[in-house]
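Enquirer: Submitted below is the structure of interest, expressed as structure tokens.
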Amino acid sequence: MNEPSLKDLMVPVEDYASVSLEASIIEGIFALKEAQQRAFRKDPEKHRDRAVLVKGPKGEIVGKLSMWSIIGCLEPSYGRAKGGAASSKAASRVGSARIKIDEIMESSHLWRSRLSTLADDTALLRVKDLLHEPRPKELIDENSSLQTAIHKLVAGHFMSLLVTREGRIVGILRLVDVFEAVCRMIRREDTQATLPAGNSSAE
């Protein structure tokens, strides 16, 4: 059975939510929310974006900012824990904002009061403060096999991979789309297995 190509499964960059490298985190949140609402209006059954692609100064895609990254940056220990998502460089840039957030969290352990100050807390944070350069394991060439993509998604516990063409990011391959492709393959295989001998398709 021929497996689907990554070119067919990926979402092209022009069809995915994006935001500038210099944008604020709030702008990133709104860009993702707007993309989800737009997708819902077009097709209520369509899967929503779970990240925003980040554009560099020349309009090139330089990485992605996930929901986890956006929400995680509000955690007091963000950037300080060993192996955290933020690099030391990014952590230093958000230091002043982190101090303010830590003070709020230390003065009240209730998320209810914390949530009321989210806009102020994120005002100093920008997309570039949270973004890290995509690692090789987060990238996959558009001509790679579906099996390779599945291995990368599973091994890295990723919700998506950035698809490249000649070193340039041209799309995003989401776990949900890979899962559905695998389900379709299994369904076809099961259908073929139950057909009477000599038949190549279901009636």
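None of the figures in this text is laboratory data; all of them are computed from the coordinates on show. For clarity, every value in this text was computed on a predicted model and none was experimentally measured. Cβ sites come from the backbone with ideal geometry, for glycine too, and all protein chains shown count toward neighbours.
Enquirer: Between GLN37 and ILE186, what is 0.36 nm times their sequence separation minus the Cα-Cα distance? Round to one decimal in nm.
Expert: Working: separation 149, 0.36 × 149 = 53.64 nm, distance 3.16 nm.
Once the chain is fully extended between GLN37 and ILE186, it gains 50.5 nm.
Enquirer: Using a Förster radius of 35 Å, what is the FRET efficiency between ILE26 and LYS58 based on their Cβ-Cβ separation? Nearest 0.05, please.
Expert: On the way: r = 24 Å, r/R0 = 0.69.
The pair ILE26/LYS58 has a calculated efficiency of 0.90.
Enquirer: I need LYS64, LYS7 ordered by Cβ neighbour count within 10 Å, fewest first. Write out the running numbers ahead of the final one.
Expert: Values: LYS64 25, LYS7 14.
Lowest to highest Cβ neighbour count: LYS7, LYS64.
Enquirer: For the stretch 170-183, take each phi angle, set θ = phi - 60°, evaluate the Karplus expression 6.51 cos²θ - 1.76 cosθ + 1.60, and give the result in whole Hz per residue in order, putting x for glycine and proline.
Expert: In residue order, the calculated couplings are 10, x, 10, 9, 8, 4, 4, 6, 5, 4, 5, 5, 5, 4 Hz.
Enquirer: Give me the number: length gained by fully extending ARG135 to MET159, i.e. 0.36 nm times residue separation minus the C-alpha to C-alpha distance, one decimal in nm. Could you put the intermediate results ahead of the total?
Expert: Working: separation 24, 0.36 × 24 = 8.64 nm, distance 1.46 nm.
Value of the extension gain: 7.2 nm.
Enquirer: Starting from the amide H of SER24, placed 1.01 Å from N in the peptide plane, find each other amide H under 5 Å away whose residue is 5 or more places distant or on another chain.
Expert: Long-range HN contacts for SER24: VAL127.
Enquirer: Which whole-Hz ³J(HN,Hα) couplings does the stretch 154-161 yield from phi under the Karplus relation 6.51 cos²θ - 1.76 cosθ + 1.60, θ = phi - 60°, glycine and proline marked x?
Expert: Result, rounded to whole Hz: 6, 5, x, 6, 8, 8, 6, 10.
Enquirer: Next up: If each residue's Cβ is checked for other Cβ atoms within 10 Å, how do ASP15, ASP49 rank with the fewest at the top?
Expert: Working: ASP15 13, ASP49 25.
Exposure proxy ranking, most exposed first: ASP15, ASP49.
Enquirer: Amide H to amide H under 5 Å from SER18: which residues, 5+ apart in sequence or cross-chain, H placed 1.01 Å off N in plane?
Expert: LEU53
Enquirer: Using a 7 Å offset from the Cα along the Cα-to-Cβ direction at both GLU3 and ASP15, what is the distance between the two label points in nm, to one decimal?
Expert: Computed distance between label sites GLU3 and ASP15 equals 2.1 nm.
Enquirer: Rank these for me by crowding, ARG188, ARG174, going from fewest to most other beta carbons within 10 Å. Kindly include the intermediate steps, with their values, before the conclusion.
Expert: Details: ARG188 13, ARG174 23.
By the 10 Å Cβ count, ascending: ARG188, ARG174.
Enquirer: What does the charge count near LYS137 come to, summing +1 for each Lys or Arg and -1 for each Asp or Glu among other residues with Cβ under 15 Å from its Cβ?
Expert: Details: positive: LYS64, ARG135, LYS152; negative: GLU133, GLU138, ASP141.
With Lys, Arg at +1 and Asp, Glu at -1, the neighbours total 0.
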